[in-house]
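Working notes, structure below.
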Amino acid sequence: MSEYNFAYLDEQTKRMIRRAILKGLAIPGYQVPFASREMPMPYGWGTGGVQVSAAALTPDDTLKVIDQGADDTTNAVSIRKFFERTAGVATTEETERASIIQTRHRIPEAALREDQILVYQVPIPEPLRFLEPRETETRKMHSLEEYGLMHVKLYEDISQHGQIATSYAYPVKVEGRYVMDPSPIPKFDNPKLEMAAIQLFGAGREQRIYAVPPYTKVVSLDFEDYPFEATKADHACDLCAAADSYLDEVIMDDAGGRMFVCSDTDYCRSRRAAGHVGRLGSEAPLSTGPEAA
Amino acid sequence: MHPLLQVNNIRKMYGHRIGCTDVSFDLFPGEVMGIVGESGSGKSTLLNCLAGHLETDGGEVIFDTRDRGPVDTLTMSEPERRMLGRTDWAFVHQHARDGLRMSVSAGGNIGERLMAVGGRHYGNIRASAIDWLDRVEIEENRVDDRPSAFSGGMQQRLQIARNLVTGPRLVFMDEPTGGLDVSVQARLLDLLRGLVREMGLSAIIVTHDLAVVRLLADRLMVMKSGHVVETGLTDQVLDDPQHAYTQLLVSSVLQV
C-alpha cells in the first residue's frame, strides 16, 4: 500500500481530472479534453475509466467493477484488483452495496441510487467520428449543433437493413443539446441513461471526459416513422427466468444447443438466491467456483 | 427588382500575389452568370470567396436573405453562414468526390441536407431522394448504391441532386462539366439548363469551357490574372469580343 499514493494517481493529476469531471457535469454531454496519463494497462482496457474512478474514489467507497455486465471476467477482475492494491478500498460484486461502479459496455439491471456513481470506459468518445474523420470539423459541428449527419447514419441503417440496425453505442441527445456516444452499451440500456446516479465517461486514449448528471434528459435519436426501440434477445434467462434483463447467448455444443443468460451476473445471482429458476437452472444457486468440482 | 447577390470590390491576395481583385457585379433572381478565363486567372478563387470557403482581404458579398433582407455574408456569424450554405446556397464541386460522401448511399447523400435542416421522417426523406434521382435521370433502383459504384457523369448528377434538394436560390458551380466526356457533358448541360429554368435558380458558373457558358449563362465575365477584363451579355461577349484577351480566348476554340 505505502508504495502508491491513494488510488495510484498523484494528487495533482486527480485535481486535474476532477476539474474535467466538474466541467463535464456542468455541460452535460460535452466532451472535456483532459491530460490523460499513462496507466499500467494497455489502451482499450479501460484507462479512461480507471483514471476517472481514481479521481472519484475516497477511502470510504465501495467499488464494483463490471465488464459486459459480469464481475468475473478478466477486465473486471484486474481493475478491481488494481484498486484493491493501490487504494485499499472495499470491493463488492453487489450493485446494491457499491458506491462507485466502473463499467465496460453495460448498465446494471438494478436501478441505481443518488448516492452512487457509474463510471464508463469509453473507446471512441466522438459519436460523429466514423462519419466525419476531421476533429476540427466534428468540434465545429458540436459547437454549432449541426447533427444532421448523425441521422444520415440511421438513414443508411434503415435503407440497408429495413430497420435501425445500430444495436450498441446508439447515439443520444443530452438535455436537448449535445449528441453523445453512450459508450458501447447495448441500446437496450439507453432508456436507463436517465437515472438517479451520476454518470461519468472516461476515454483514456482519446483524452476526453464527459458526464451526465442525475435526472438529465437523454433522448435516443430516431426517425418519426422508425422510432427508437430498446431491443434484447426474445427469451427469458435460462438460469433465473428473468424476462426483463439483457441476455447473453451462449453456444452449448456444435449441434445447435444454446442458452440465454443474464449478462448482469449480480442480477442473475440475486434472483436465483431469491428462488427464481429458469429453464436450465437448478433449485440451489449454482456455484461455478473450483470448489464445486 | 432587387439583386439577389451584390458583389462589391472583392479582393483576395496570396501573400504578394493577386488571387483576384476589384471584382464587382450584381446577380438578379433567375439569372445565370458565367465566369470564364484560363487556368490561374482567379476564377475559382473568386467563387470560393463568394461562397465563403475562403477568407477575403476586402470587399463585400451582400445576399438577399429570406428573413432579414440584404446581409453581408462575409461579416455574418459562422452558424448563419453555414446555415445559408445548406439551405439557400448550393455548391457544386468540379470533382463529384469533393461534394459527395463516398461511403454513404445515393439516397443518404441526397437526404443529408434534408436531415441537416430538421427532416426526421424516413419515408418522406426517401421519397424526395427517389424523386430527385429521377429528376437527374438516375434510375430509382440505384438509390441504395454508393456513389463509388456510379460513373463520373452519374456522380456529377448525383452531386447536383444532393445540392438542389433543399430548393436553394443560388448555386455556385465550379467547372461542373470538367473531366466528363462530351456526350455526357451534353446531357449534363441539358439537365442543368432544364433545372435552372424550371426552378428559377440563380447560378454562378465558373468554367474554362466557352460552350458551357454559351448554353447556360445569361451574362459573362472574363477574367485574366485576377482582374475582370470584360463583362456583358454572353452572346455579345462571345460574338463581338472587345478585349484582346477575350478575342484570343474566343479564337482558341477548336472548330470541329
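The values are calculated or read from the model by the stated rules, or taken from the named source; none is laboratory data. Computed from a predicted model, the values in this text were never measured in an experiment. Because the Cβ atoms are built from the backbone with ideal geometry, glycine has one as well, and the counts that use them run over all protein chains shown. To get the accessible areas, we keep the full protein, side chains included, count just its heavy atoms, and leave off ligands, DNA and RNA. Shrake-Rupley method; radii C 1.70, N 1.55, O 1.52, S 1.80 Å.
In chain B, a dipole from Cβ-located charges (positive for Lys and Arg, negative for Asp and Glu) runs towards its positive end, and of B:V171, B:N109, B:L5 it is B:N109 whose Cα lies farthest in that direction. With 0.36 nm allotted per residue and the present C-alpha distance subtracted, the A:E96-A:R205 stretch has 36.2 nm of extension available. Buried surface between chains B and A: roughly 1800 Å² of accessible area, summed over both sides, computed with a 1.4 Å probe on protein heavy atoms only. What the protein assembly as shown shows is 45 Å² of accessible area per residue, with the surface traced by a 1.4 Å probe over protein heavy atoms.
Computed over chain B, the per-residue total of -39500 (n - 2.57) for DSSP H runs of n ≥ 4 gives a 222 nm mean residue ellipticity of -11000 deg cm²/dmol, rounded to 500.
Which order do the peptides A:159-168, B:91-100, B:115-124 come out in when sorted by mean C-beta neighbours inside 10 angstrom, highest first?
B:91-100, B:115-124, A:159-168
Within a 10 angstrom radius of each residue's Cβ in B:100-106, how many Cβ atoms of other chains show up on average? Whole number is fine.
3
Here chain B is treated as an ellipsoid with the same Cα gyration tensor; its semi-axes, largest first and in whole Å, are 30, 23, 16.
When you restrict to C-alpha pairs under 8 Å that are six or more residues apart and normalise by the size of chain B, the relative contact order lands at 26 percent.
With the simple spin-label model, which puts each label point 7 Å out from Cα in the Cβ direction, the B:L54 to B:N124 separation comes to 3.9 nm.
Under 15 Å of direct C-alpha separation, and excluding same-chain neighbours fewer than eight residues apart, A:K64 reaches these aspartates and glutamates: A:D72, A:E84, A:E93, A:E94, A:E96, A:E109, A:D115, A:D264, A:D266.
Going by a ≥ b ≥ c, the root eigenvalues of the Cα gyration tensor, does chain A fall in the rounded group (a/c under 1.5), the prolate group (a/b larger than b/c) or the oblate group? Because a/c hits 1.5 or more and a/b fails to exceed b/c, chain A counts as oblate.
Considering only B:Q156, B:Q236, B:Q185, the Gaussian network model of chain B with Cα springs below 10 Å gives its largest mean-square fluctuation to B:Q236. Considering only A:G257, A:G148, A:G44, the Gaussian network model of chain A with Cα springs below 10 Å gives its largest mean-square fluctuation to A:G257.
About its Cα centre, the protein assembly as shown has a charge dipole of approximately 880 debye under the convention of +1 per Lys or Arg Cβ and -1 per Asp or Glu Cβ, with nothing else charged. Estimated at the nearest 10 Å², the accessible area of A:E224 is 130 Å² with a 1.4 Å probe. Model label points for A:D234 and B:L254, set 7 angstrom from Cα along the Cα-to-Cβ axis, are 6.5 nm apart.
Percent of alpha carbon pairs in region A:142-258 separated by more than 24 Å?
Details: 2648 of 6786 pairs.
In whole percent, the share of Cα-Cα pairs in region A:142-258 beyond 24 Å is 39.
Close amide H partners of A:V32, meaning residues 5 or more places away or on another chain with modelled amide H under 5 Å apart, are A:I209, A:Y210. The accessible-area loss of region B:47-83 on complex formation, taken against its chain alone with a 1.4 Å probe, reaches 10 Å² or more at B:E78, B:P79, B:R82. If a/c stays under 1.5 just call it rounded; otherwise compare a/b with b/c (prolate if a/b is bigger, oblate if not). Do that for region B:207-256, with a ≥ b ≥ c from the square roots of the Cα gyration tensor eigenvalues. Rounded, since a/c falls under 1.5. Note on A:L144/A:A243: beta-carbon distance plugged into 1/(1 + (r/R0)^6) with R0 of 51 Å gives a FRET efficiency of 0.70. How tilted is helix B:106-116 with respect to the longest principal axis of chain B? Cα atoms for both, answer in degrees (0 to 90, nearest 10). With both axes taken from Cα atoms, the answer is about 80 degrees. Placing unit charges on the Cβ atoms of the charged side chains and taking the dipole of chain A about its Cα centre, the candidate lying farthest along the positive direction among A:A55, A:L118, A:T95 is A:A55. Taken as Cα centroids, region A:77-118 and region A:192-251 sit 17 Å apart, rounded to the nearest whole angstrom. Taken along the Cα-to-beta-carbon direction at a fixed 7 Å, the label points for A:R15 and A:R129 span 3.1 nm. Per-residue mean of foreign Cβ neighbours for B:120-126 is 6 (Cβ atoms of other chains, 10 Å radius). Projecting the Cα positions of B:S77, A:H142, A:P186 onto the charge dipole of the protein assembly as shown (unit charges on Cβ atoms of Lys, Arg, Asp and Glu, taken about the Cα centre) puts B:S77 furthest along the positive direction. Across region B:142-186, the residues whose backbone nitrogen lies under 14 Å from the label position 7 Å along the beta-carbon direction of B:R214 are B:186.
Based only on the alpha carbon positions, what is the Kirkwood hydrodynamic radius of region B:38-112, in angstrom?
Details: mean 1/r = 0.0702 Å⁻¹.
Averaging 1/r across every pair of different Cα atoms and inverting gives 14.2 Å.
Neighbouring Cβ atoms from other chains, within 10 Å of the Cβ of residues in A:154-165, number 4 on average.
Provide Rg over Rh for region B:83-189; use the alpha carbon set for both Rg and the Kirkwood Rh (inverse mean inverse pair distance). Across region B:83-189, the Cα-based Rg/Rh ratio is 0.94.
Per residue, the convex hull spanned by the alpha carbons of the protein assembly as shown comes to 193 Å³.
The H on the amide N of B:A203, modeled in the peptide plane, is under 5 Å from the matching H of B:E31, B:V32, B:M33, B:V171, each at least 5 residues off or on a different chain. Mean projection of the Cα convex hull over all viewing directions, computed for region A:17-63: 4.1 nm². Helix B:152-164 and the longest principal axis of the C-alpha atoms of chain B enclose an angle of approximately 90°.
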